[in-house]
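To start, the structure itself, in structure tokens.
The values are calculated or read from the model by the stated rules, or taken from the named source; none is laboratory data. These numbers were taken from a predicted model, which means no experiment stands behind them. Neighbour counts are summed over all protein chains in view; Cβ atoms, including those assigned to glycine, are modelled from backbone coordinates with ideal geometry. Ligands, DNA and RNA are stripped out before the accessible areas are found, and what is left, the full protein with its side chains, is counted by its heavy atoms. Shrake-Rupley method; radii C 1.70, N 1.55, O 1.52, S 1.80 Å.
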Amino acid sequence: MTADLHTLTGAYALDALSPEEAREFARHLTECDVCTHEVAELRETAARLALAVAEVPPAALRARVMAAIPEVRQLPPPGRVADVVPLRGRAWRQRLPYLALAACLVGAAVAGGVAVNAEHDVDRQRTQAEQQASDLASLMAAPDAAYHTTAVHGGGNATVVSSVSQARTAFVYRDLPKLAGSHVYELWYSRKGSMVPAGLVDSGRPSGTAVLAGAASGADGVGLTVEPHGGSKQPTTSPLMLVSIAG
Amino acid sequence: MRAAAREEQPGAPRPGALETLLDRVSRGDRDAFESVYTAVAGSVLGLVRRVLRDPAQSEEVTQEVLIEVWRSAARFDPGQGSAMAWIMMLAHRRAVDRVRSAQASADREHKAAVRDHSPAFDEVSEQVERRLEREQVRRCLGQLTELQRESVTLAYYRGFTYRETADLLGAALGTVKTRLRDGLIRLRDCLGVSV
Ligand SMILES: [Zn+2]
């Protein structure tokens, strides 16, 4: 029976055991580090399945929840004070670059979620957003899609998603600091050491996604710099990030 | 979005934003809770709705889950996994409890019909980030064997026990147990999950 128990990690992580079995397995976890670690990993994995089916909640739900919580008494922390620096959080963020924990993303209402910061021209932007969403979808679905996540110097982090078969690259960014004045973030393809402009990052919000302009063919890296308003033909500052996409 | 709060410390290291927020929530910070709400409500609702199907019940349970997050934020232990995994665990358990307590409902009586329509992914226009996540998960689900995929999705998205799942799939109990585990392990590796 004990040998058999170890194989229950999957069913346990998915809440697929009967209450009795779950209790028995929970007891087993108190004395089996291997299963405990595996359950933790499989729970993280299951959470990804939940993120993949996210919906837009009705506004009334937020209002109801926010109205309810002042009445709800909070539980005290258990026993001793826990270390609040979440070691796992970092790993999660890196593995899950697109999950913008930032409140701003979910609130952005434009179809496709691509940043816009003006009321006018909504239709054109919506079309662009839909086009970009569809480009991204095919990029992500490509069997050779590769993900490179890195910190951005100066703040925030980014994931570069590239696919040779799609000849396309996306830049998914989180928490980029707002730039002073009219400066902009500019993307670059690097080809054998030379930098080719690949478009500006929408300045409307700190997190979002951009599909790089121009063809990815032959590119061995993707860079990000800060440039004056309108962008530059050549980088005028040193890269805040340089990601190799070769091979 | 809370632009002001976010711009206070642009260069500061940001260890798990959601974990930090939960810590503030545990000390009664309602603004932090609202940010948590914004970050997770969509996923909680989506998951609960997979399991319960009924929109009104799903909203009700989602509300319960979010209030539970507020109530028990102090019980979150970052040593056990991410805040997101913890919240999704609360959500899944509550949804599963609800659906199992209503075992006699018409929906559960028609188990046989389940396999015929299991739209794991709706094609709705939505945010790029969600789409990215969705595409990656779909790609990884696509790498499972059919039995692994069906076992995992029936258990997680529909809330079936592994016994019910085995019944539905006409597979042996031991087989489904194993497929749930090795299917999730393969997903874990494909998604690059680690703890
Ligand atoms: Zn064990």
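On association of chains B and A, roughly 8900 Å² of accessible area becomes buried (total for both chains; probe 1.4 Å). When the residues A:31, A:21, B:133 are ordered by accessible surface, computed with a 1.4 Å probe over the protein chains alone, the sequence from largest down reads A:31, A:21, B:133.
Distant-in-sequence amide contacts of residue A:211, defined by a placed amide H-H separation under 5 Å and a gap of 5 or more residues or a different chain, comprise A:171.
Counting, for every residue in A:35-43, the Cβ atoms of other protein chains within 10 Å of its Cβ and taking the mean gives 6. Determine the per residue accessible area of segment B:122-191 with all protein chains present and a 1.4 angstrom probe, expressed in square angstrom. Per-residue accessible area for segment B:122-191 comes out at 35 Å². Using a probe radius of 1.4 angstrom, the carbon and sulfur fraction of the accessible surface of segment A:3-54 is 56%.
Ranked by accessible surface with a 1.4 Å probe, highest first, in what order do A:28, A:229, A:148 come? Intermediate results must be reported in sequence, preceding the final value.
Values: A:28 15, A:229 140, A:148 60 Å².
Per-residue accessible area, sorted high to low, gives A:229, A:148, A:28.
When B:177, A:178 are compared by accessible surface with a 1.4 Å probe, the order from highest to lowest is A:178, B:177. Using a probe of 1.4 Å on the protein chains alone, the accessible area found for residue A:173 is around 10 Å². Counting Cβ atoms of other protein chains within 10 Å of each residue's Cβ and taking the mean over peptide B:47-60 gives 2. Within the full protein context, the accessible area of residue B:33 is estimated at about 0 Å² for a probe radius of 1.4 Å. The accessible area of residue A:66, taken with all protein chains in place and a 1.4 Å probe, comes to roughly 40 Å². What the Cβ-Cβ distance of residue A:165 and residue B:80 gives, at R0 = 30 Å and to the nearest 0.05, is a FRET efficiency of 0.15.
An oblate overall shape is assigned to segment A:26-78, the ratio a/c of its alpha-carbon gyration tensor axes (a ≥ b ≥ c) being 1.5 or greater and a/b not exceeding b/c.
Calculate the mean, over all residues of peptide A:180-189, of how many other protein chain Cβ atoms lie within 10 angstrom of the residue's Cβ. Provide the component values of the computation, followed by the final result.
Details: counts 0, 0, 0, 0, 0, 0, 0, 0, 0, 0.
Rounded to a whole number, the mean comes out at 0.
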